[in-house]
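Since every read-out is calculated from the coordinates, none of them should be taken as a lab result. Owing to the predicted nature of the structure, the values given are computational and were not obtained by experimental measurement. When we count neighbours, we look across all protein chains shown, and the Cβ atoms used for this are built from the backbone with ideal geometry, even at glycine.
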Amino acid sequence: MSEDGKNYVVEKVRELIAAPTCCAEAKAAGQNWLDAIGTEGEAEAAKKLIAELEADIVTVDGLIAFASSEAGAKVFGGAEKAKEVAAHGEAIKAAGAKYCDCPACAAVEAILAKKDEILG
């Protein structure tokens with residue numbers, strides 16, 4: 001990976017780790033990869049990071065379904081807020097989005113766009 005490419009991915013992984021919507025497993029995988037950069041463990045940490053992110057990214061349809069559920073209402077702080085999130089999901093889907101656009105999913109989408117370079 002080019003130095004510019006690596007710097008970009010490092011920035012996106014840091015954004016992911018800092019995102020309030022990032023799960024603990026993705027935070028750990030991201031931090032492990034950051035810690036492994038430049039070591040012989042970097043390639044293995046990259047594989048684990050990519051696998052975790054592929055498992056965690058939420059599709060826009062998944063966002064809509066979750067926000068429309070009882071569990072979504074609990075997570076989003078009530079039925080009204082959950083309806084707003086579902087409507088937002090519908091709007092971004094209509095605009096062509098494939099994935100949730102929360103800070104964590106946006107960072108994951110950017111990282112996964114560089115997957116081949118990361119695993120290269």
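Dimensions of the range 59-101 along principal axes (Cα, Å, largest first)?
27, 14, 13
So what J values fall out for the range 80-91 if you push phi through Karplus, 6.51 cos²θ - 1.76 cosθ + 1.60 with θ = phi - 60°, rounded to Hz, Gly and Pro as x?
Per-residue couplings from phi come out as 5, 5, 4, 5, 4, 5, 4, 5, 4, x, 4, 5 Hz.
Across the range 45-58, in residue order, what do the Karplus-derived ³J(HN,Hα) couplings come to in whole Hz, using 6.51 cos²θ - 1.76 cosθ + 1.60 with θ = phi - 60° and x for Gly and Pro?
Rounded to whole hertz, the list is 5, 5, 4, 5, 4, 4, 4, 5, 5, 5, 6, 9, 4, 9.
Pairs of alpha-carbon atoms within less than 8 angstrom and 6+ residues apart define the contacts here; what relative contact order does the range 59-101 have, in percent?
RCO, the range 59-101: 52 percent.
Using Cα pairs closer than 8 Å and at least 6 residues apart in sequence, work out the relative contact order for the chain, in percent.
On the way: 127 pairs, mean separation 44.1, N = 120.
Computed value for the chain: 37 percent relative contact order.
So if I place +1 on the C-beta of Lys and Arg and -1 on the C-beta of Asp and Glu, and nothing else carries charge, what would the dipole magnitude of the chain be about its Cα centre? I want it in debye, nearest 20. Spell out each step's value before the answer.
Working: 13 positive and 21 negative charges, 63 e Å.
Around 300 debye, computed over the chain.
Mind checking the full-extension length gain between A18 and D101? Use 0.36 nm per residue of separation minus the Cα-Cα distance, one decimal, nm. Spell out each step's value before the answer.
Numbers: separation 83, 0.36 × 83 = 29.88 nm, distance 1.51 nm.
Difference between extended and current length: 28.4 nm.
I'd like the Karplus ³J(HN,Hα) series for the range 5-17: coefficients 6.51, -1.76, 1.60, θ = phi - 60°, whole numbers in Hz, and an x wherever there's a Gly or Pro.
Values per residue, Gly and Pro as x: x, 5, 4, 4, 5, 4, 4, 5, 5, 5, 4, 4, 4 Hz.
For the range 1-67, calculate the relative contact order in percent as a whole number, restricting contacts to Cα pairs under 8 Å that are 6 or more residues apart. Don't jump to the answer; show the numbers that get you there.
Working: 30 pairs, mean separation 16.4, N = 67.
After rounding, I find 24 percent.
Multiplying the sequence separation of L119 and E11 by 0.36 nm and subtracting their Cα-Cα distance, what value in nm do you get? Don't skip to the end; give the middle numbers.
Details: separation 108, 0.36 × 108 = 38.88 nm, distance 1.70 nm.
37.2 nm is the gain from fully extending L119 to E11.
Could you work out how much longer the chain between A43 and E80 gets when fully extended? Use 0.36 nm per residue separation minus the Cα distance between them, nm to one decimal.
Working: separation 37, 0.36 × 37 = 13.32 nm, distance 4.43 nm.
Taking A43 through E80 to full extension adds about 8.9 nm, to one decimal.
Name the lysines eligible as straight-distance cross-link partners of K81: C-alpha to C-alpha under 19 Å, and not fewer than 8 places from it in the same chain.
Once the sequence-local lysines are set aside, what remains near K81 is K93.
Taking the Cβ-Cβ separation of A55 and M1 as r and a Förster radius of 25 Å, what is the calculated FRET efficiency to the nearest 0.05?
Details: r = 22 Å, r/R0 = 0.89.
The computed FRET efficiency comes out at 0.65.
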